[in-house]
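Trainee: Here it is, the structure, as structure tokens.
The values are calculated or read from the model by the stated rules, or taken from the named source; none is laboratory data. This structure is a prediction, so every number in the text was calculated from the model and none was measured. With ideal geometry, Cβ positions are generated from the backbone for all residues, glycine too; neighbour counts draw on all protein chains shown. To get the accessible areas, we keep the full protein, side chains included, count just its heavy atoms, and leave off ligands, DNA and RNA. Shrake-Rupley method; radii C 1.70, N 1.55, O 1.52, S 1.80 Å.
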Amino acid sequence: MILSDHEEMQSWRDSHGSYQPVYGPGPTPNYAEQYAPPIQSEYRGGYAEQKSPYENDRFRPKKRLNDPIFLILFIAQLVGMGILAGIVISDYIKKGGLGGGLGEDDSGNNITLNKHTLYLLLLVTGAALLLSTIYLMLARAFTRGIMHITLVLSILLNIGICVYYWIEKYYSGAIVFTIIAVLSMFAYFGYRSRIPLAATLLEVVMDIAKHHPSVYFVAFISLILQAGYSVLYTFTAIGVYEKWTPGNPSCSSGTSCSSAKVTGLIVYATFSYLWTSQVIANVSLATLAGGPFGSWYYFGPREAGMMPRHPTSSAFARASTLSLGSIAFGSLIVTLLELLRLLLNAARNNANADGSPVEACLACCAECIIGCIESAVQYFNRYAYIEIALYGKPYLQAAKDTWRLFADRGVDALVNDSLVSMTLTWGAYAVGLLCSLFAYLYLKYTHPAYNSAGQYTAPVVAFAFFIGAMCTLTLSSAIEAGVSTIFVGLGEDPQVLAARAPILWGLIAKTYPQIFQGIPRV
């Protein structure tokens, strides 16, 4: 028998019973001091009646393909990357590369990147995989301390790399890291007062994940896919350099070689890598937001018996099919900004190498501006993806509804002050720095023939940084999904959090009372 929406909602309320606080899975009693929020007295009759989880077709989106143009574009670029990789890798295997080996081996070709760099980037990918996993394990074991550790470690890494680059006279990198190190030191003192609330929020998310192993399953599957795609990108980038760089032996066999062709193909391969990496991470985010985290918020813990069966697989089916075009749309915007920032970084390095400090400074300023815009778009997109995961909306509608929801309820102030996303991003940044430092030291002490004058140091270090950062961001997107889902839930039904995680609710009510204004009383 098929029930109407009204009958189904009433049936859900009857079976759910009264709106009683549920303490597990959720924050354990020692998450924070018990706190009775000042607005509690306003709810003399208890909390407002809980809405049906299925309200407005939540968890039951319409079966329609959203943003199909961007889905087609995404598939097309993926096919193009596959064709390019097939051409250069097959040629690479056939010719055996341009020599070079693991460790201190200068026997390879001295014109362009050779097998030496291939081994280096494969080691970087393995290191990124290991460091990302360690970071997630530390975040689970030392949830409250990981914020202090990450922020302090990032500052120390910035200072250390800055000092090292000055000693090595790598001036473009030294100037950038000096600015970042100074800003990060000042920022830390402003962040400390916001750590307790963010730490409690992160603890709640970690506690939910302990009761839903699918969170870690999705996270590690995404990480493996990201690492695999990083390996493909590594082979493709090295193959492009070896096949089309002017002056290498391949050019004498009839291959049309030019620096413009190498630049164009590397830009395309990097664009494909960044876009696909973004999509992998965001599909993971939408899967977990529309699955275990969203179900926990709107249905209650699994033990309550109201959660749908297989929420994770259902959410993944939606995210990877009907909503994939919308996810690709949002990811494309960030990818274009990130690619522009990379091109400005390359322009800054070239200007610094040519002894043009004014041009290098202008490129650095433009790079910082684009980076700020990119961060803002990434922050906004995350919540749009959750609207997509819960309701199956197209990207533009989800983005517009997210902005209106946050502005009306005042959740934007909480989101802006939250350090969880910043901590995870700094963690990815730290892993990326470690990978790039490893690549730099490897080049310095192994002396590959193609880098005798240091002309390939910048691109190799950049490859290593993005491989490390992308792997960690992909893994940490599982945790961000939980935090962001709670924020969206606060915007839609803030009173629900009082039942799910009362201590977190109290901390938020104390600091951001505007979020709970206008909640009806019973």
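Trainee: Residues to consider are GLY247, GLY239, GLY228, GLY290; find the one that is farther than 27 Å from GLY506 by Cβ, assigned to a helix (DSSP H, G or I) and open to solvent by 10 Å² or more (accessible area, probe 1.4 Å).
Mentor: It is GLY228.
Trainee: Now for a different question. Is it the case that LEU223 is within 26 Å of VAL431 (Cα to Cα), surrounded by fewer than 23 Cβ atoms within 10 Å (Cβ to Cβ), among the aliphatic types (A, V, I, L, M) and modelled with pLDDT under 90?
Mentor: no
Trainee: Please enumerate the residues belonging to segment 210-221 that are over 18 Å from the mean Cα position of the chain (by Cα) and assigned to a helix (DSSP H, G or I).
Mentor: LYS210, HIS211, SER214
Trainee: Within segment 305-355, take every residue that is at pLDDT 90 or above and not in a helix (DSSP H, G or I) and give me the one that is farthest from ILE280 (Cα to Cα).
Mentor: The residue in question is LEU322.
Trainee: Which residues, counting only those in segment 387-407, are buried (at least 22 other Cβ atoms within 10 Å of the Cβ) and of a type in the set (S, T, N, Q)?
Mentor: Within segment 387-407, just THR402 meets the criteria.
Trainee: Also, I was wondering about something else. Exactly one of these conditions fails for SER436: (1) surrounded by 20 or more Cβ atoms within 10 Å (Cβ to Cβ); (2) modelled with pLDDT under 75; (3) closer than 27 Å to ILE134 by Cα. Give me its number.
Mentor: So SER436 meets the others, but not (2).
Trainee: Right, another one. Please go through segment 137-154 and pick out each residue that is surrounded by fewer than 21 Cβ atoms within 10 Å (Cβ to Cβ) and within 14 Å of TYR429 (Cα to Cα).
Mentor: Passing the criteria: ILE149, VAL152, LEU153.
Rundown of residues vs (1) closer than 19 Å to LEU441 by Cβ; (2) modelled with pLDDT of 75 or more, yes/no style:
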site	(1), (2)
LEU113	yes, no
THR125	yes, yes
LEU131	yes, yes
ILE134	no, yes
HIS148	no, yes
LEU156	yes, yes
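Trainee: Could you check segment 200-220 and list, in sequence order, the residues that are at pLDDT 85 or above, open to solvent by less than 10 Å² (accessible area, probe 1.4 Å) and not aliphatic (A, V, I, L, M)?
Mentor: Answer for segment 200-220, where residues must be at pLDDT 85 or above, open to solvent by less than 10 Å² (accessible area, probe 1.4 Å) and not aliphatic (A, V, I, L, M): just HIS212.
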